[in-house]
Every structure is written in structure tokens, then in C-alpha cells.
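Below: one structure, written as C-alpha cells.
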Amino acid sequence: MSRDDRVFSADVQRVDLTEFTPDGRILDIGGGGEGIIGQLLGDRVVAIDTGRDELAKAPEGPLKIVMDAREMGFLNTSFDAVTSFFTLMYIERRHHQRVFDEVYRVLKDGGVFTIWDARIPRYPGGAKDIFVVPLEVRLADKLVSTAYGVLWRDAEQDMKYYVEMGKRAGFDILTTEEMGEAFRIQLGKPVRACSA
């Protein structure tokens, strides 16, 4: 059986990032490969990825660091914003909460964690066991065509799953948006009251 015989492809999802303009220093989890957030925001981005090869393939601009999002080497409250652009689907479900807790730790009070990802239905069984999400991503100066794919078994996820995880980590839910099979979530880290 060829790889093509194993692939189930969702419809092309369209994501517009032309108005995504966070302030300050941005941590991009899984910023290797296409490095979409790095392409968009350049040297304001610190891109981490567990794959050295993935980071090497990413376009120039961001600072690239080989690092595991489950245990980041950054000090507390180091970043103004954190992004995850179709990355969480590549992280085993059993590690998701740990990643959310780490993001909460390294994000400044009042900072925002923005997640883009795809709804992946329950694996129905059968030969097609790779789930692929083709994307057209609109940046300020170009359109990027790419695709993200994972082994389908145990990859089921939706927006509600990540919203609940964000709440458990301590985030406020700022916005949620479904864009076909893709979705965007913005989670805010509350500003703690200063004690006198």
C-alpha cells in the first residue's frame, strides 16, 4: 500500500494572518518547518521546536532554539505573547496539559496565547490512517500553501478540548473562532493584583 492510499485529506482550510499583530517578544511553539509565525513577525519571534532539522528548514528571521515545550528553559514571564500554529496536533495528548502549564509560566501577566489548529474527528478505522489538513495562509505580503498531517489513530481533537485545557492551566478564554475545520483560540493570562 502506498502512502497516498493511507492519506485522508480534509478540504483546504484558509487562514488569514494579515491582522495578527501582537506586541513585544513572541514565543512560537513548533516554529520549525514552514515557520509561519516567524515569516510573519521576523526577529520578534523566538521559535522553538524539538526537531533541529525542522528549525534549519524554517525561513530566516526568528531566533531558533531546539527545545521541548513540555519543559522550557525560559524564566517565568519571559514573553509578551505565545503562539502555536498547527503544532499541538504533533504533540501526544498525554503531554498537552504540561505544555499549557509551561506556556502559562513563561507568559507575562496580561499576555495572550494564540492557538491555530484543526478539528480531527475520531479515527474510523480502515486503510486511511493519516489525517492531512491542507492550508492556504494569507500573510501580509504573500500566500503560503502548505499541509500538516498526523497519524490519525489517537489524534482526535477539537476546539472545546483545548479550551478546557486552557481553563485548567489558569487562562481566561478571550476569543474562539471556527474557520471550517480549522479553529483559532486566544487565551489570556490574568493580570495578578499587586499587593502593597
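The values are calculated or read from the model by the stated rules, or taken from the named source; none is laboratory data. Computed from a predicted model, the values in this text were never measured in an experiment. Virtual Cβ from ideal backbone geometry, glycine too; neighbours counted across all protein chains shown. When the accessible area is computed, the model is the full protein with side chains, heavy atoms only, and any ligands, DNA or RNA have been set aside. Shrake-Rupley method; radii C 1.70, N 1.55, O 1.52, S 1.80 Å.
Structure values in brief
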quantity: Some residue of region 32-45 being farther than 25 Å from Ile120 by Cβ, modelled with pLDDT of 95 or more and in a loop (DSSP other than H, G, I, E, B); calculated: no
quantity: Candidate set: region 148-170, residues that are among the hydrophobic types (A, V, I, L, M, F, W, C), crowded, with 16+ Cβ neighbours inside 10 Å and out of contact with any helix residue (DSSP H, G or I) (no Cβ under 8 Å at 6 or more places or on another chain); chosen: the one farthest from Lys108 (Cα to Cα); calculated: Trp152
quantity: Total residues in region 1-20, condition in a strand (DSSP E or B) and open to solvent by less than 80 Å² (accessible area, probe 1.4 Å); calculated: 4
quantity: Search result, residues across region 135-192 that are β-branched (Val, Ile, Thr) and either assigned to a loop (DSSP other than H, G, I, E, B) or in contact (Cβ under 8 Å) with a residue 12 or more places away in the chain (or both); calculated: Val137, Val144, Thr146, Val150, Val163, Ile173, Thr176, Ile185, Val191
